[in-house]
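All remarks here apply to the structure that follows.
The values are calculated or read from the model by the stated rules, or taken from the named source; none is laboratory data. Keep in mind it's a predicted model, so treat the numbers as computed, not measured. Positions of Cβ are generated from backbone atoms using ideal geometry, with glycine treated the same way; all protein chains shown enter the neighbour counts.
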Amino acid sequence: MDARFAGIAELAEAPSVAVVVDVMRAFTVAAHAFAQGAERIVLAESLDDALVLKGRHPDWVALKDGPPAPGFDAVNSPALLRSADLAGRTVVQKTTAGTVGALAVKEASLVLCASFVVAEATARLLRTRGCGAVTFVVTGEGGRAEEDLSCAQYIARRATGAAADASGFLRRAAGSRAAAELAQGVREGSHPDDVALCLELDRFPFAMVAAWEDSLMALRPCAVPSPADGDSI
């Protein structure tokens with residue numbers, strides 16, 4: 001597999017296959033939302049668009065980065081989302097980096113959104129689809145966020161079927177600027193458990209696929225077949 005790693009601003013054109021990585025915290029939050037029963041996650045272009053969608057669909061759950069705000073039901077924190085009842089509901093998500101990255105590659109033939117909690121399922125889906133060239137979108141810090149880059153590199157290695165010791169990749173993520181800011185409470189709308197939840201490797205058995213649905217970019221969980229005999233794990 002030919003893997004390319006790029007920041008959002010470096011995407012001159014839509015790749016054929018894109019894996020958009022946001023570890024802390026958009027796509028860790030998305031995975032937790034699906035685990036709590038959410039049916040789909042609509043990726044909003046802006047906070048105003050998220051509020052418009054919420055106004056049209058009062059039963060949807062609107063979620064944003066930062067502190068709580070009028071019109072929004074939740075913030076972008078996996079720990080704070082634990083008490084939310086999401087069974088069968090649509091979540092509207094707008095974040096600073098993750099949703100922006102996914103929408104930047106919305107014309108790709110396959111868009112996966114990923115973090116450590118769905119790393120192996122994401123890699124397995126890439127193997128199952130036989131993807132020859134994959135662009136990993138490193139969403140944080142202009143493509144330099146260590147937590148996103150380390151996760152992208154780990155998934156890329158596993159996507160080839162090669163064995164990989166995750167501990168080094170997780171250590172890099174744990175030492176990242178984002179992890180430090182979350183641990184120190186610098187980022188509003190966070191919880192002390194967020195970093196640990198973002199560093200849980202392969203907590204969930206599904207990948208997350210984004211595709212167009214009724215003029216909206218929607219993310220859904222995708223069950224991935226179990227590894228074939230002889231596949232590296």
Residues located in segment 180-206, provided they are closer than 23 Å to G101 by Cβ and in a helix (DSSP H, G or I) | A180, E181, L182, D194, V195, L197, C198
Within segment 155-176, identify whether any single residue is touching a Phe, Trp or Tyr at 6+ places or on another chain (Cβ under 6 Å), closer than 24 Å to A33 by Cα and either buried (at least 24 other Cβ atoms within 10 Å of the Cβ) or at pLDDT below 95 (or both), and answer yes or no.
-> no
Is there any pair linking a residue in segment 54-81 that is closer than 25 Å to E181 by Cβ to one that is part of a loop (DSSP other than H, G, I, E, B) and of a type in the set (S, T, Y), with Cβ under 7 Å and at least six apart or on different chains, and which?
-> D65/T95; D65/T96; N76/T95; S77/S190
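Taking the stated definitions as given, is R220 in a strand (DSSP E or B) and at pLDDT 95 or above?
Against the criterion (in a strand (DSSP E or B) and at pLDDT 95 or above), R220 qualifies.
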Within segment 121-179, track down each residue that is touching a helix residue (DSSP H, G or I) at 6+ places or on another chain (Cβ under 9 Å), aliphatic (A, V, I, L, M), part of a helix (DSSP H, G or I) and within 19 Å of T95 (Cβ to Cβ).
-> L149, A173, A178, A179
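How about segment 23-37: which of its residues are among the small types (G, A, S) and buried (at least 24 other Cβ atoms within 10 Å of the Cβ)? Can you show your working first?
Of segment 23-37, the ones among the small types (G, A, S) are 26, 30-31, 33, 35, 37.
Correct list: A26, A30, A31, A33.
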Residues of segment 82-105 being at pLDDT 95 or above, part of a helix (DSSP H, G or I) and either surrounded by fewer than 24 Cβ atoms within 10 Å (Cβ to Cβ) or aliphatic (A, V, I, L, M) (or both), which ones?
-> V100, A102, L103, A104
Take V23 and decide whether it is under 20 Å from F116 (Cα atoms), in contact with a strand residue (DSSP E or B) (Cβ under 9 Å, 6 or more places away or on another chain) and in a loop (DSSP other than H, G, I, E, B).
-> yes
